[in-house]
Amino acid sequence: MKINKKLLVIAMASALPWMSAYAQSPADLQKEIELLKGQLKMLSEKIEAMSAREEPAKMAQQVTRLEQKIDLAEEDSIKAGFKGLKIKGAMEVAYLNDSSSITAGFEKSRGNGGNGAAMFEITKEPDAGIGWTLRLIPLSGSGSIVHEASVAVPFGDGGAKINAGLTPDYSGYELVMGHQNPLITNNLLYTNAASNYVGVGTSHDFGGGWTAKWMVGQVDGYASRKAPGLAYRGDYSMGEYSGIGFSGVHVRTNDARPYLNGVPDPLGTPNLNADLMEIDGYYTRGDLSLQGQVSVGRLIGGAMDGSGLDGKWWGVSGFAGYKVTPRLQTIARLDFVSNRENGGGVYFNHDGAYGPERTDEAGTPNADPSIGTNRYALSIGTNYAVNANTQWKTELRLDRSTGYNFLDADGVTYKQGKTTLGTSIVVSF
């Protein structure tokens with residue numbers, strides 16, 4: 001028997017005035033109204049229950065079939081190895097016009113990602129907690145398509161893990177790929193740090209905002225005959241908006257300084273000990289983002305003048321970003337590297353702009369090879385979020401040196417600086 005719910009509800013509602021007429025006071029009237037509301041609610045629930053019984057068997061079958069489909073999909077996912085699998089990717093196409101270059105155009109990657117790189121990443125975190133990461137960067141400036149191939153195995157309590165394999169450098173506030181960095185280029189400290197480690201170590205979450213990790217093994221492919229390299233990093237989150245970190249790398253390199261007593265040395269001095277350390281921090285609140293880094297390093301016995309003294313350097317980098325609108329961020333970054341002592345001796349010598357002042361304005365050798373060169377770089381730009389997965393960047397970068405180390409487009413003249421203007425589109429998923 002079917003019940004017309006609408007008629008029953010109308011009948012109950014129409015009875016309210018008649019029943020309330022017998023109330024002796026406003027308080028009594030209110031009590032009767034509340035009582036009738038409760039009775040109306042109970043009656044409505046009974047009507048809904050009676051209506052639901054019309055086709056109970058059909059509804060039960062639909063629920064059962066849906067549960068079976070979900071169970072089968074989960075089983076197929078586990079058998080195929082897809083459970084816990086995540087796939088990420090990014091591509092940056094950058095157009096750069098360099099005042100010191102004979103060409104201007106679309107760049108492929110430089111270094112660890114660099115300008116105009118593509119990235120494909122697969123990560124997996126199975127039920128057992130054993131995870132792995134495989135990240136590929138085609139056309140990488142490092143010469144290898146594999147950027148990371150690591151595995152993480154949990155042990156003990158408290159979130160500790162054993163990490164092994166190939167992993168990127170821990171240092172600095174800048175990250176690897178274009179979709180992770182607001183500007184097109186990387187800062188000077190990023191380009192003069194270690195690139196990767198191959199070995200084994202552990203990571204720990206101590207709670208209270210403290211985390212740490214370390215690894216022993218090859219640093220940048222240096223296979224020492226005496227001892228493996230050591231890399232480590234610790235971070236402290238000081239709340240929702242700020243944090244600080246420190247890292248270090250200690251390695252016996254295969255590096256060879258190219259100068260001895262001011263003249264080229266074809267043999268160099270291989271197997272030098274290098275020590276790199278840095279502190280970085282961030283503050284992000286509302287539309288304002290601030291990041292900074294201070295780095296120091298030395299190459300023992302590796303001064304660029306061939307004196308046998310230590311090559312020492314230090315540098316700072318500061319970043320500021322402000323969102324003019326929710327999508328548009330304006331950016332400024334300033335870098336400085338001091339590398340004058342003993343002819344210089346930074347860990348990496350990119351662009352040939354860190355060695356002794358071995359050229360003058362005419363491109364002839366400098367008379368004092370014991371003086372290294374300092375570097376400055378100022379970048380200003382914008383980052384516009386086209387949508388959740390697309391960024392449009394612009395950047396104007398000014399590079400300057402205390403020496404004449406930038407080869408001009410004519411292939412003969414050396415200059416103390418260069419200017420780069422660029423734009424890029426970054427798409428990620």
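Where a number appears in this text, it was derived from the coordinates with a stated rule and is not lab data. Note that the coordinates shown come from a computational prediction; the quantities given were computed from them, not determined experimentally. All Cβ positions, glycine included, derive from the backbone under ideal geometry; neighbour counts span all protein chains shown.
By the scheme Lys and Arg +1, Asp and Glu -1, what is the net charge of all other residues having a beta-carbon under 11 Å from that of G321?
Computed value for this residue: +1.
Just to confirm a number: summing +1 for Lys and Arg and -1 for Asp and Glu over residues other than Y241 whose beta-carbon lies under 13 angstrom from that of Y241, what do you get?
Around Y241, the charge tally is -1.
For the stretch 157-164, take each phi angle, set θ = phi - 60°, evaluate the Karplus expression 6.51 cos²θ - 1.76 cosθ + 1.60, and give the result in whole Hz per residue in order, putting x for glycine and proline.
10, x, x, 6, 9, 8, 10, 8
How high is the FRET efficiency from V316 to E125, r the C-beta distance, R0 35 Å, rounded to 0.05?
0.40
Ranked highest first by average number of other Cβ atoms within 10 Å, how do 408-415, 370-377, 241-248 line up?
Working: 408-415: 13.6, 370-377: 22.0, 241-248: 17.4.
Most protected by this proxy first, the peptides run 370-377, 241-248, 408-415.
As an exercise, use a Förster radius of 45 Å and the Cβ-Cβ distance of N97 and R65 to find the FRET efficiency, rounded to the nearest 0.05.
0.15
Any idea how far apart I425 and I145 come out in nm if each label point goes 7 Å out from Cα toward Cβ?
2.5
Pop out the ³J(HN,Hα) list for the stretch 329-334 in order, Karplus 6.51 cos²θ - 1.76 cosθ + 1.60 with θ = phi - 60°, rounded to Hz; leave Gly and Pro as x.
So the Karplus estimates, Gly and Pro as x, are 10, 9, 9, 9, 9, 10 Hz.
Using a cut-off of 12 Å between beta-carbons, work out the net charge of the residues near Y376 (Lys and Arg +1, Asp and Glu -1, Y376 not included).
In short, +3.
Counting only residues 5 or more places away or on other chains, whose amide H sits under 5 Å from the amide H of G308 once H atoms are built in the peptide plane?
So G308 has HN proximity to A303.
What is the distance, in nm, between label points placed 7 Å from the Cα along the Cα-to-Cβ direction at L378 and at R327?
3.0
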